[in-house]
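One structure is given below, encoded as structure tokens.
The values are calculated or read from the model by the stated rules, or taken from the named source; none is laboratory data. Remember, it's a predicted structure, so these values are computed and weren't measured experimentally. Here the Cβ positions follow ideal geometry from the backbone for every residue, glycine too, while neighbour counts run over all protein chains shown. Keep in mind that these areas ignore ligands, DNA and RNA; they rest on the heavy atoms of the full protein, side chains included. Shrake-Rupley method; radii C 1.70, N 1.55, O 1.52, S 1.80 Å.
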Amino acid sequence: MDQLTNSNEGYHVFMPLSGKRIILGVTGGIACFKAAEYARNLSKEGASVQPLLTENACRFVTEHTFSALTGHRTRTQAFDPSATHEIPHIKLAQKADLLMVLPATADIIAKFAHGIADNLLTTLFLSFKRPVLIFPSMNPDMYNHPATQTNLEILKARGNIIVEPESGTVVCGARGKGKLAGWEKVLYHVKKALWPKPLKDRKILITAGPTREPLDPVRFISNRSSGKMGYKLAEAASLRGADVNLVSGPVALKDPMGTKVKRVETAKEMAQAVFSLAEQMDIVIMAAAVADYSPARFSRQKIKKSDKDIDIELTRTTDILMKLGEKKTDRVILVGFCAESQDLVQNAFAKLRKKNLDLIIANDITQPGAGFDSDTNRVLLIDQEENVEELPLMDKAEVAERILDKIQEIIALREY
Ligand code: CTP
């Protein structure tokens, strides 16, 4: 077996937007205050954020706030007195990977749709050749007005990405659609606009979380799996363009964006859901901690205590991954996980062979920060050629990216 390829011990800080240059156009709506927080969040994710405030935005928030939060001098003027020979909107447009406008008022949407170029943001928009993300936020009546909706349709038809506002009570007290998108949705769309799509047209099935094996109406046997690893994988695969189905056991997580989610409880239900989808899939990743045993009998009534000890008889569940491995064709990539407390590489490799997997993700559950119910993990990626890649302790979101990189590598070799 190969030597371990990486032995970095320290925690690896994950900054998914590292190296990306974003122009953040802020227009004059009350949600400007949220734009300040999002500007900070984008910088924390590693992006270089160039704020650009319209005159009306400066009535709600100050340019100093954005300069301090992003570390870049906020631009407000088309005619910058400090500029030399360079034309500000052309120079900014050439340097950035993405233009996002947040919040986008009805006024800026109308100006963009009709090519009006009367300030720095509108002139920059006309000269910008990379993805444009528009986040409308306004009073629901203004948002629903045919003029605004028609303008949004015009912008959409020209390839601009419109991220719909959320429904709820807006600041003026009105109810309806018009609230600025939440941070998670914003970040998802920023990544989606910037990411390449190497898994486009691939169908992926991912499982996540624990299963619950019921004893009676109120009790069950389960495990500590939080589902975080599978959910991060699902979102990361969707951002790479895959068509993602997630089969999830009971977890306290929101559905990952861009995925179809089927929620199940028991190992039996998980097996049924997986087997009904598996045949259409190109890639199956079993990240769920499926129960190996289930109570032999389910009591319809709550089991009453007595003074005696009781035994619970358990029966084996179906090993879903093993069954998938038995039927696997060369077209499919099958990935499993294993949690070990000793002889990690040997046990993981034996499982890879036994279950006919293309890749196994092994983690040593005795290591701090690794495995169940944690935001981080420390894993080994082991493939059929016995290559062992040891990843340092890292955020599960980054582990997900590295697993998908490895899967793409396997696909590339197979299709070569
Ligand atoms: N798995 C499965 N169906 C089961 C049990 C597990 O598909 N009934 C999958 C898991 O989703 C995971 C892998 O099999 O991808 C784990 O393999 P397993 O042999 O159960 O290893 P461990 O969970 O590490 O447990 P043990 O060492 O006790 O066998």
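Just give me the residues in the range 356-378 being modelled with pLDDT of 95 or more and closer than 11 Å to F337 by Cβ, in sequence order. Spell out how you get there, then give the answer.
Here is the first cut: in the range 356-378, the ones modelled with pLDDT of 95 or more are 356-362.
Residues satisfying the conditions are L357, L359, I360, I361, A362.
For the range 212-230, which residues satisfy the criterion of being in a loop (DSSP other than H, G, I, E, B), farther than 23 Å from I403 by Cα and either open to solvent by less than 60 Å² (accessible area, probe 1.4 Å) or of a type in the set (D, E) (or both)?
Taking the range 212-230 first, the residues in a loop (DSSP other than H, G, I, E, B) are 212, 217-218, 222-227.
Pick out the ones that are also farther than 23 Å from I403 by Cα and you get 212, 217-218, 222-223.
Scanning the range 212-230 gives S222, N223.
Of the conditions (1) closer than 24 Å to K232 by Cα; (2) touching a strand residue (DSSP E or B) at 6+ places or on another chain (Cβ under 6 Å), N347 fails just one. Which one is it?
Going through the list (1) closer than 24 Å to K232 by Cα; (2) touching a strand residue (DSSP E or B) at 6+ places or on another chain (Cβ under 6 Å), N347 breaks only (1).
Just for the range 137-147: of the residues that are more than 30 Å from the chain's Cα centre (by Cα) and not charged (D, E, K, R), which one is surrounded by the most Cβ atoms within 10 Å (Cβ to Cβ)? Let's see the steps before the verdict.
Applying the first criterion (more than 30 Å from the chain's Cα centre (by Cα)) to the range 137-147 yields 141-142, 145-147.
Filter once more, keeping what is not charged (D, E, K, R): 142, 145-147.
On the way: M142: 18, H145: 14, P146: 7, A147: 12.
Among those residues, the one meeting the criterion is M142.
List the pairs whose first member sits in the range 198-225 and is farther than 18 Å from V264 by Cβ, whose second member is among the hydroxyl-bearing types (S, T, Y) and part of a loop (DSSP other than H, G, I, E, B), and whose Cβ atoms are under 6 Å apart, counting only residues at least 6 apart or on separate chains?
D216/S299
Could you list all residues from the range 263-276 that are open to solvent by 40 Å² or more (accessible area, probe 1.4 Å) and either among the basic types (K, R) or in a loop (DSSP other than H, G, I, E, B) (or both)? Talk me through it step by step, then tell me what you get.
We begin by selecting, within the range 263-276, every residue open to solvent by 40 Å² or more (accessible area, probe 1.4 Å); these are 263, 265, 268-269, 272, 275-276.
Result: R263, E265, K268.
Which one is surrounded by the fewest Cβ atoms within 10 Å (Cβ to Cβ) among residues in the range 148-176 that are in contact with a Ser or Thr (Cβ under 7 Å, 6 or more places away or on another chain) and more than 13 Å from A106 (Cα to Cα)? Step through it out loud before you land on a result.
Going through the range 148-176, the residues in contact with a Ser or Thr (Cβ under 7 Å, 6 or more places away or on another chain) turn out to be 165, 175-176.
If we keep only those that are more than 13 Å from A106 (Cα to Cα) as well, we get 175-176.
Working: R175: 10, G176: 15.
Ranking the qualifying residues of the range 148-176, first place goes to R175.
Matching residues to (1) near the ligand (Cβ under 10 Å from one of its atoms); (2) crowded, with 21+ Cβ neighbours inside 10 Å; (3) in a strand (DSSP E or B):
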| site | (1), (2), (3) |
| --- | --- |
| T315 | no, no, yes |
| M322 | yes, no, no |
| T329 | no, no, no |
| V345 | no, no, no |
| A350 | yes, no, no |
| N363 | yes, yes, yes |
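Just the residues that are within 20 Å of R158 (Cα to Cα) and assigned to a loop (DSSP other than H, G, I, E, B), please, taken from the range 114-144.
Our first condition is that a residue be within 20 Å of R158 (Cα to Cα); within the range 114-144, this holds for 114-117, 121-136, 143.
Those that are within 20 Å of R158 (Cα to Cα) and assigned to a loop (DSSP other than H, G, I, E, B): H114, G115, I116, A117, F128, K129, R130, P131.
List pairs: first residue in the range 324-352 and closer than 21 Å to E415 by Cα, second residue open to solvent by 70 Å² or more (accessible area, probe 1.4 Å) and within 12 Å of the ligand (Cβ to nearest atom) anywhere in the structure, Cβ distance under 9 angstrom, at least six positions apart or on different chains.
If the second residue must be open to solvent by 70 Å² or more (accessible area, probe 1.4 Å) and within 12 Å of the ligand (Cβ to nearest atom), the pairs left are G325/K354.
So that you can scan it fast, the table gives a plain yes or no per residue for (1) within 14 Å of the ligand (Cβ to nearest atom); (2) open to solvent by 30 Å² or more (accessible area, probe 1.4 Å):
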position	(1), (2)
A252	no, yes
P256	no, no
V261	no, yes
A278	yes, no
I283	yes, no
A289	yes, no
Y293	yes, yes
